[in-house]
Amino acid sequence: MRSNNITTLTDFILEKGNNHAEATGDFSRILNDIALAGKIIHREINSAGLGELLGASGVTNVQEEEQQKLDDYADIQFINALKMGGKVAAIASEEQDDILCFEGKEDAKYIVAFDPLDGSSNIDVNIPVGTIFSIFKRERKGKVTQDEFLRKGKDQAAAGYIIYGSSTMLVYTTGNGVNGFTLDSTIGVFCLSHPNIKIPVEGGIYSINEGNTELYEEGIQRYIAYCKETTNGKRTHTGRFIGSLVADFHRNMLKGGIFIYPGTTDKPEGKLRLLYECNPMAMIAEQAYGSSSDGKISILEIQPEAIHQRVPFLVGSKNKVEKALSIIQ
Ligand code: P6P
């Protein structure tokens, strides 16, 4: 701890790294590389309205979603930071059709899957957006193949997100609790601001896009109706859905609540991707004493079959998820 009582992300990572006998600094370097890319994206997002980066790029990504200019920019920043850091063998990105292997790094010990800028359609209207990342420690060396990314979420070495909102925060876990760091942009340093985050086991917030209600299965419709019930003339829940996963998740993690993106009749698997959205968020939630599910099993137990696979997603306060499953199932 520095005399000014600031614990920087670098201090924290080095300290934690020293606790792991096998730590060779590779993992610490990767987290710092991610933080560097996050600072660069923070800078661009906070001036997007002024620069030429606002708006759509005219490109449609592998998800058949219109790519925002900052999507592309963020993707390049993470790829470059992880490539230059030299500790990652390959990446999988929402913005890339296939995995990208880093030449000469076939023997690196880690691979990273990420959504460089989730919720980017909200950028133009000043709603918080975020980066989500998932880190696996490889079980072999040599050229990385897609199957190395198709591991259950419970095998993640680390997971985290960066939320670019009223402040920019990096929140991550390595399987020993969840910690949040707020960027002090005057000195360009992420500082520990939310140590040992725990999701309240209860919470009155439910986050779901009710515009899809008629497209949801009956169980989900029953749960929405349950959330709208009143007791003694007072509401039992508050609806909050901002259309940006990282923002909805982060609010619920601090205040308690549940986020649901279910399947619909036209998209039974839902919209959110397992590898670089649901798995990392589920690891964070469960490390913060919360819970996650696809409606049947824990997200972290799902065996991925494709790098851009989508799954129905429930995540948040333990009791809220359990109650929702009891109504849905
Ligand atoms: P809908 C943003 O595009 C995103 O991937 C998530 O961040 C968000 O939770 C979801 O889609 C919103 O989707 O269909 O409700 O607009």
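Taking region 146-199 as the range and being in contact with a Cys (Cβ under 9 Å, 6 or more places away or on another chain) and either surrounded by fewer than 15 Cβ atoms within 10 Å (Cβ to Cβ) or among the hydrophobic types (A, V, I, L, M, F, W, C) (or both) as the test, the residues that pass are Phe181, Leu183.
Test Gly239 against the criterion of being among the small types (Gly, Ala, Ser), more than 15 Å from the ligand (Cβ to nearest atom) and surrounded by fewer than 22 Cβ atoms within 10 Å (Cβ to Cβ), and give yes or no. The answer is no for Gly239. Cβ separations smaller than 6 Å between residues 6+ apart or across chains give the following pairs from region 199-218 residues that are farther than 23 Å from Lys296 by Cβ to residues that are within 16 Å of the ligand (Cβ to nearest atom): Ile205/Arg240; Ile205/Asn252; Ile205/Gly257. Would you confirm whether any residue within region 304-322 is under 22 Å from Lys154 (Cα atoms), assigned to a strand (DSSP E or B), in contact (Cβ under 8 Å) with a residue 60 or more places away in the chain and among the hydroxyl-bearing types (Ser, Thr, Tyr)? Taking every residue of region 304-322 in turn, at least one turns out to be under 22 Å from Lys154 (Cα atoms), assigned to a strand (DSSP E or B), in contact (Cβ under 8 Å) with a residue 60 or more places away in the chain and among the hydroxyl-bearing types (Ser, Thr, Tyr). Contact map, region 74-94: residues that are among the small types (Gly, Ala, Ser) paired with residues that are buried (at least 20 other Cβ atoms within 10 Å of the Cβ) and assigned to a helix (DSSP H, G or I), Cβ distance under 6 Å, separation 6+ or inter-chain. Pairs shown: Ala74/Ile41; Ala81/Asp33; Ala81/Ala37; Gly85/Asp33; Ala92/Phe149; Ser93/Asp75. In the set Glu286, Glu269, only one residue is under 30 Å from Gly177 (Cα atoms), more than 12 Å from the ligand (Cβ to nearest atom) and part of a loop (DSSP other than H, G, I, E, B); that residue is Glu269. Residues that are assigned by TED's automatic domain parsing to the domain that holds Pro268, in a loop (DSSP other than H, G, I, E, B) and either aromatic (Phe, Trp, Tyr) or modelled with pLDDT under 95 (or both) are absent from region 175-189.
Of the set (1) charged (D, E, K, R); (2) within 16 Å of the ligand (Cβ to nearest atom); (3) over 26 Å from Ala285 (Cβ atoms), all apply to Asp115 but (3). The strands (runs of 3 or more DSSP E) located wholly in region 48-165 that include 3 or more residues which are in the same structural domain as Gly38 (by TED's automatic domain parsing) and at pLDDT below 95 occupy 56-60, 66-68.
Scanning region 228-262 for residues that are among the small types (Gly, Ala, Ser) and assigned to a strand (DSSP E or B) yields Gly239, Gly257.
Of all the residues in region 202-220, those that are over 28 Å from Ala288 (Cα atoms) and surrounded by 13 or more Cβ atoms within 10 Å (Cβ to Cβ) number 5.
Residue-wise test of (1) within 16 Å of the ligand (Cβ to nearest atom); (2) of a type outside the set (S, T, N, Q); (3) within 20 Å of Ser47 (Cα to Cα).
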site	(1), (2), (3)
Glu139	no, yes, no
Arg151	no, yes, no
Lys154	no, yes, no
Ala158	no, yes, no
Ile162	yes, yes, yes
Leu170	no, yes, yes
Thr173	no, no, no
Ser185	no, no, yes
Gly188	no, yes, yes
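The values are calculated or read from the model by the stated rules, or taken from the named source; none is laboratory data. Here the structure is a predicted model, which means the values were calculated and not measured. Cβ sites come from the backbone with ideal geometry, for glycine too, and all protein chains shown count toward neighbours.
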